[in-house]
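Notes follow the structure.
Any read-out appearing in this document is the output of simple, stated calculations on the displayed coordinates, not a laboratory observation. Just so it is clear, the structure is predicted and the values come from calculations on it, not from any experiment. Cβ atoms come from the backbone with ideal geometry, glycine included; neighbour counts cover every protein chain shown.
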Amino acid sequence: MTGPSLPIGPPPGEPGLGGAGTGAGGVGLGAGGAGLGAGGSGAGGVPAQPVTLRVGLGGAAASGSLFDRIGGAPTFDRLVRRFYEGVQQDEVIWPMYPAEDLEGAIWRLSQFLQQYWGGPSTYSEQRGHPRLRMRHNPFRITPEAREHWLQHMHDAVESLDLAPLDEAELWGYLDRAAHAMTNSFD
């Protein structure tokens, strides 16, 4: 199975790479990026060449859900347990967590992430819609708290030793979600 094919403009060494004359390509990703967006042909009418995105150097094509690609439930369970090992040592954010229900917190975060990334829908079946902002609103989440959360999650993500594309996809979401949960700036 091959991964997503994207037009990349003329082959390396051909005129039109990296600037004027690249059609709608330009530099970067998306519509206007290195020939990876709209356009499809480079200078001189050279047809676009397909590219297969891979999860690592020489790795498998990036296809299927992240949940399946990184090993399913056991990987998310390891991620969350590693995250909470750091959180328990953190004076800034540990007070926000339910020490008396740590296993429940671990289950909820792991199940949420599994569902989000293509795993079973157990989280929603048992807890309803995630409503992340509502569920986090009772806690004062400052930029400092967010950065502490991100540091522990970053350590946990790195401990998984994922393929670079999978790590970037997972980390991108976690970083955006953490910023979205920030609700106090005093």
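Considering the zone a paramagnetic label at residue 127 would reach in this model (a point 7 Å from Cα along the Cα-to-Cβ line), which residues of the range 138-172 have amide N under 16 Å from it?
Backbone N within reach: 138-139.
With a cut-off of at most 15 other beta carbons within 10 Å, and DSSP calling the residue loop, which trypsin sites (Lys or Arg not before Pro) in the range 92-160 qualify? Please list them.
131, 140
To the nearest 0.05, what FRET efficiency results for residue 65 and residue 186 with a Förster distance of 30 Å applied to their C-beta separation? Mind dumping the intermediate values first?
On the way: r = 40 Å, r/R0 = 1.32.
About 0.15, to the nearest 0.05.
How would you classify the range 67-162 from its alpha-carbon gyration tensor, with a ≥ b ≥ c the square roots of the eigenvalues: rounded for a/c under 1.5, else prolate if a/b is greater than b/c, otherwise oblate?
oblate
Apply 1/(1 + (r/R0)^6) to the Cβ-Cβ distance of residue 161 and residue 94, taking R0 = 30 Å, and write down the FRET efficiency to the nearest 0.05.
E(calc), rounded to 0.05, equals 0.70.
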